[in-house]
1. How large is the translational diffusion coefficient of region 253-334 in µm² per second when you combine the Kirkwood radius over alpha carbon pairs with Stokes-Einstein at 10 °C and 1.306 mPa s?
2. Starting from the coordinates of the alpha-carbon atoms of region 6-195, obtain the Kirkwood hydrodynamic radius over all distinct pairs and give the value in Å to one decimal.
3. Where does the chain land at 222 nm, in deg cm²/dmol rounded to the nearest 500, when only DSSP H runs of n ≥ 4 count, each adding -39500 (n - 2.57), divided by all residues?
4. Compute the normalised compactness of region 92-242: alpha-carbon radius of gyration over 2.2 N^0.38 Å, N being the residue count.
5. Distance from the Cα centre of region 5-73 to that of region 138-192, in angstrom?
6. Kindly provide the pair-distance distribution of region 200-239 built from C-alpha pairs, with 10 Å bins from 0 and whole-percent values in order of increasing distance.
7. Can you give the FRET efficiency to the nearest 0.05 for residue 243 and residue 4, using r as the Cβ-Cβ distance and R₀ = 30 Å?
8. Using a Gaussian network for the chain with springs between C-alpha atoms less than 10 Å apart, which of these wobbles most: 169, 266, 57?
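Readers should treat all values here as calculations from the given coordinates under stated rules, not as data from a laboratory. None of these values were measured; they are calculated from a predicted model. Cβ: placed from backbone, ideal geometry, glycine included. Neighbour counts: every protein chain shown.
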Ligand code: AHG
Ligand code: MN
Ligand code: MN
């Protein structure tokens, strides 16, 4: 069987765009290097002193795990020294970074990321991930990056992707021309094309939501979950509930098997938990490119206007017909 590595694939794709300078290709390659470094650490998590809390909290007041901090540094270093971005915004840092280096000031892009998604699963050997979003800067080339570079709508993304550290490690990305997935082949240390042109299956029957929150969710969400529990005429059984608690892993499973992931607003947190710029937008871009849909219950995620770096939004994402069904219940009850 012939093998196509991620770098070969990126190079081949670049040839499709005669005016491309190769900067985006190099940036994707830099991210894949950071992913390998993080993967290496994640894989020996129990053997090194890397499990557990760092003893600090991030801007959202969440406990930082040692691996959150390590992954953040690995990504920041990779993109800063790679020189294809003029700045970076991360879940783990209150303010964005504007890289004051000559090669970075000249760069065309900025990047946003959730360095390690699903931190609560690190210590219990359950899949975790990395999510990234790439935007073309709006500030002038040569200047320092500013906040407006990072506060662009999801529809402006030029590329987005995620890495899942699971039973195998995969990198899935889009540049707006479909979605492709690459599995890390540990013996050669390369990501190899394993899932070409990924699409949500037409019929999905998985719903993923933290059902512990049901009593504090709005009625539309509760009604949708009840609908999922009714007998499905196609399969003659109710839908299947699956919730890992790592957004990347839940999204990835639903992309392959068909399903919907929901993190709704609650009474206490009407904007939900997930962050628009580095969790919801990148996955929304991938979802739409794979024939799926992403909304906040009413509006397209990628059209939401971002006002701050760590903005939150409710998220309904996955197979199109299921997201639309959930929206129907929300609208009926609003
Ligand atoms: P992070 O680890 O980056 O803070 O993200 C955790 C998120 C997401 O991955 C997951 O789907 C969700 O939190 C789970 O939240 P609940 O535990 O409230 O269900
Ligand atoms: Mn996350
Ligand atoms: Mn995180």
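1. Translational D for this selection: 126 µm²/s.
2. 17.0 Å
3. On the way: 9 runs with 99 residues, N = 334.
Mean residue ellipticity, 222 nm, calculated: -9000 deg cm²/dmol.
4. Dividing the Cα Rg of region 92-242 by 2.2 N^0.38 Å gives 1.36.
5. Centre-to-centre distance over Cα atoms comes out at 9 Å.
6. Histogramming region 200-239 at 10 Å steps yields 26, 49, 23, 1 percent.
7. It comes out at approximately 0.35.
8. The residue that fluctuates most here is 57.
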